[in-house]
Amino acid sequence: MEFNNILVKTSNSISYITINRPKQLNALNSETITELNTAITYSEKNNEVRCIILTGGGEKAFVAGADIKEFAGFNTIQGENLARKGQEILFDLLENCSKPTIAAINGFALGGGLELAMSCHIRVASTNAKMGLPEVSLGVIPGYGGTQRLANLVGKGKAIELISTAGMISAEEALQWGLVNTTCEQLELMSICEKIAIKICRNSPKAISSAIKSVNAGFIDGVDGYEVEKTEFGKCFGTDEFIEGTTAFLEKRKANFN
Ligand code: DAK
């Protein structure tokens with residue numbers, strides 16, 4: 001696969017996707033969004049991949065937002081259309097991905113960049129990272145799910161504070177707020193993400209997929225997450241991985257889910 005704005009490699013069952021526009025602080029333009037859609041869809045379908053790590057190229061930014069140059073001239077219809085399309089082909093795709101996705105936040109994660117990180121299942125931030133949703137300073141609101149996902153992650157009060165002040169918080173504050181899972185020095189960022197990914201890769205991919213679906217269900221209006229959990233739990237009993245997992249336990253050996 002040839003891309004202009006992202007780098008993709010797979011190694012030891014981990015797909016590494018790097019947004020690679022460091023001169024523009026990895027700002028998300030529509031071509032990058034489309035390329036990310038292709039790479040994530042491919043990684044999800046590829047049986048070799050068990051986990052996806054998403055990061056930004058260079059040392060300064062994860063993603064400093066949607067590309068302001070691109071949407072500056074939009075009207076109301078174009079704005080709404082872009083929000084709908086972008087949410088569907090990238091942000092919802094990531095959130096509903098059947099394989100765990102980890103955002104390695106290596107610097108600025110602003111606007112669409114923080115929305116991208118919040119669409120991932122797990123977030124690890126390096127200590128130099130700065131996070132915020134500064135859209136209201138540009139006269140718009142977060143349009144890629146940020147108002148919803150931030151409030152889900154940190155609560156309504158902190159979400160409205162961060163959005164309406166257009167402020168930025170440090171990695172340490174983000175950890176206190178529950179916005180990121182953990183923090184580390186920038187040099188350790190990829191190895192910390194890989195440690196998490198390696199643990200994930202040892203477990204049943206089908207069970208993990210069911211768990212992600214069940215957790216996500218609890219955040220969908222009108223859907224009973226407990227019901228989804230029961231159904232997904234039942235489905236696990238019909239998988240080869242359930243047989244392997246339980247047999248391995250009884251035989252006192254490690255399960256092999258390859
Ligand atoms: N878009 C385009 N270019 C960007 C950019 C961005 N978001 N962020 C940085 N750049 C570019 C700068 O223009 C500069 O390019 P040159 O001038 O060198 O050509 C280069 O990256 C380096 O940036 P700086 O020189 O500004 O670097 P500094 O270290 O001085 O400052 C900064 C770093 C992150 C504080 C600063 O770059 C900054 O404030 N960037 C903008 C942050 C921001 O406001 N991001 C956008 C948030 S709003 C929508 C859906 C969603 C959205 C919009 C529409 N629709 C559905 C329509 C979401 C909007 C957002 O994300």
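The values are calculated or read from the model by the stated rules, or taken from the named source; none is laboratory data. Computed from a prediction, not measured in an experiment: that's the story for all the values here. Don't worry about glycine lacking a Cβ; one is built from the backbone with ideal geometry, like all the others, and counts go over all protein chains shown. Side chains included, ligands, DNA and RNA excluded: accessible areas come from the protein's heavy atoms. Shrake-Rupley method; radii C 1.70, N 1.55, O 1.52, S 1.80 Å.
Quick rundown of the values:
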quantity	calculated
Residues being under 22 Å from residue 198 (Cβ atoms) and either assigned to a loop (DSSP other than H, G, I, E, B) or open to solvent by 100 Å² or more (accessible area, probe 1.4 Å) (or both) - total across segment 240-256	5
Spans of helices (runs of 4 or more DSSP H) in segment 58-124 with at least 1 residues open to solvent by less than 10 Å² (accessible area, probe 1.4 Å) and within 11 Å of the ligand (Cβ to nearest atom)	76-86, 112-119
Among the residues listed as 189, 175, 179, the single one being open to solvent by 50 Å² or more (accessible area, probe 1.4 Å) and more than 16 Å from the ligand (Cβ to nearest atom)	175
Some residue of segment 28-46 being closer than 23 Å to residue 173 by Cβ and either more than 8 Å from the ligand (Cβ to nearest atom) or modelled with pLDDT of 95 or more (or both)	no
Of the criteria (1) in a loop (DSSP other than H, G, I, E, B); (2) in contact with a Cys (Cβ under 9 Å, 6 or more places away or on another chain), which one residue 2 fails	(2)
Residue within segment 169-178 that is assigned to a loop (DSSP other than H, G, I, E, B) and not small (Gly, Ala, Ser) present	no
Tally of residues being open to solvent by less than 40 Å² (accessible area, probe 1.4 Å), more than 10 Å from the ligand (Cβ to nearest atom) and either at pLDDT below 95 or in a loop (DSSP other than H, G, I, E, B) (or both) across segment 125-154	1
Yes/no for residue 198 being surrounded by fewer than 16 Cβ atoms within 10 Å (Cβ to Cβ), more than 16 Å from the ligand (Cβ to nearest atom), in contact (Cβ under 8 Å) with a residue 60 or more places away in the chain and under 30 Å from residue 256 (Cα atoms)	yes
Number of positions in segment 10-27 that are without any contact (Cβ under 8 Å) to a residue 60 or more places away in the chain, more than 16 Å from residue 99 (Cα to Cα) and of a type outside the set (A, V, I, L, M, F, W, C)	6
